[in-house]
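The values are calculated or read from the model by the stated rules, or taken from the named source; none is laboratory data. Here the structure is a predicted model, which is why all the values come from computation and not from measurement. Note: ideal-geometry Cβ built from the backbone for every residue, glycine included; neighbour counts use all protein chains shown.
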Amino acid sequence: MLQKEYPIQLEIAGNTALWTRPDTGDSPVSYPAPTYGAVKGIFEAILWGPAVEIVPIKVEICAPLRYHSYATNYGGPLRNPQNIKKGDAYQLYATVLTDVCYRLYAVARPNPDKAKLPEAARQWDGRTTSPGHAYQEIFNRRLSRGQMYATVCLGWQEFTPSYFGPFRAETEVCKDVDGIVIPSMLRQTFSQGYQTSFCPSYDTDLVIRHGVLTFPVKGGREDDQ
């Protein structure tokens, strides 16, 4: 039985973004647009609940693509053990996007995998006549107020947006960003949901047409491989 889907959308802009291409190693380079998983994460950063599944549909690129070299000092756990012992940072280089703006589209629908829901989510689902519609209403209210469940970011957590919220009237799609082929684009790193282990999946042969990147629709659960 097909679940009814409820559209949700938002606009997000910022000074810097990095949608990491996994094949670029320890000097990451950004995709021109956020991945399926990144879009999903942005919506869930505003409102998340395991009883509802967020399915990204497309991204509209609303600013020219500008790449820029970026360097930062990394002090996390992936450093060489000797560097960690000495307290030394690791200088990390990246190729990022600057002055970005996107319009993001997705749908909300009930999570069909009821058996794996936490107890609190199962109770909420049982009390709610239409979980997808309830999510849509709550999401739009939170978006208009600038409320977040977690920090909204443009890839890396330090790249916070200068704006996120409803569509702005002055924003236009950059239709001259056209014909960009992405042979392989990371879809999700945890393809079966937040309760599962690392299991990346990819979309292949994507094309940005007139400023629009559309994500492929997959059968069954949208995050199935």
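All but one of (1) at pLDDT below 95; (2) out of contact with any Ser or Thr (no Cβ under 6 Å at 6 or more places or on another chain); (3) of a type outside the set (Asp, Glu); (4) surrounded by fewer than 17 Cβ atoms within 10 Å (Cβ to Cβ) hold for residue 93; state the number of the condition that does not hold.
For residue 93, the exception is condition (2).
Test residue 52 against the criterion of being at pLDDT 95 or above, among the β-branched types (Val, Ile, Thr) and in contact with a strand residue (DSSP E or B) (Cβ under 8 Å, 6 or more places away or on another chain), and give yes or no.
no
Test residue 109 against the criterion of being buried (at least 18 other Cβ atoms within 10 Å of the Cβ) and either among the basic types (Lys, Arg) or within 30 Å of residue 141 (Cβ to Cβ) (or both), and give yes or no.
yes
Is there a residue in segment 8-30 that is closer than 20 Å to residue 208 by Cα, crowded, with 17+ Cβ neighbours inside 10 Å, among the hydrophobic types (A, V, I, L, M, F, W, C) and in contact with a Cys (Cβ under 8 Å, 6 or more places away or on another chain)?
For segment 8-30, residues closer than 20 Å to residue 208 by Cα, crowded, with 17+ Cβ neighbours inside 10 Å, among the hydrophobic types (A, V, I, L, M, F, W, C) and in contact with a Cys (Cβ under 8 Å, 6 or more places away or on another chain): present.
Just the residues that are in a strand (DSSP E or B) and either free of Cβ contacts under 8 Å to residues at least 24 places away in the same chain or more than 30 Å from residue 177 (Cβ to Cβ) (or both), please, taken from segment 47-60.
Selection gives 52 alone.
Would you say residue 63 is assigned to a loop (DSSP other than H, G, I, E, B) and either out of contact with any Phe, Trp or Tyr (no Cβ under 7 Å at 6 or more places or on another chain) or farther than 26 Å from residue 183 by Cα (or both)?
It is true that residue 63 is assigned to a loop (DSSP other than H, G, I, E, B) and either out of contact with any Phe, Trp or Tyr (no Cβ under 7 Å at 6 or more places or on another chain) or farther than 26 Å from residue 183 by Cα (or both).
Scan segment 2-36 for residues that are in a strand (DSSP E or B) and hydrophobic (A, V, I, L, M, F, W, C) and jot them down.
8, 10, 12, 13, 17, 29
If I ask for residues that are in a loop (DSSP other than H, G, I, E, B), over 18 Å from residue 62 (Cα atoms) and of a type in the set (A, V, I, L, M, F, W, C), which ones from segment 160-203 would you list?
Selection gives 198 alone.
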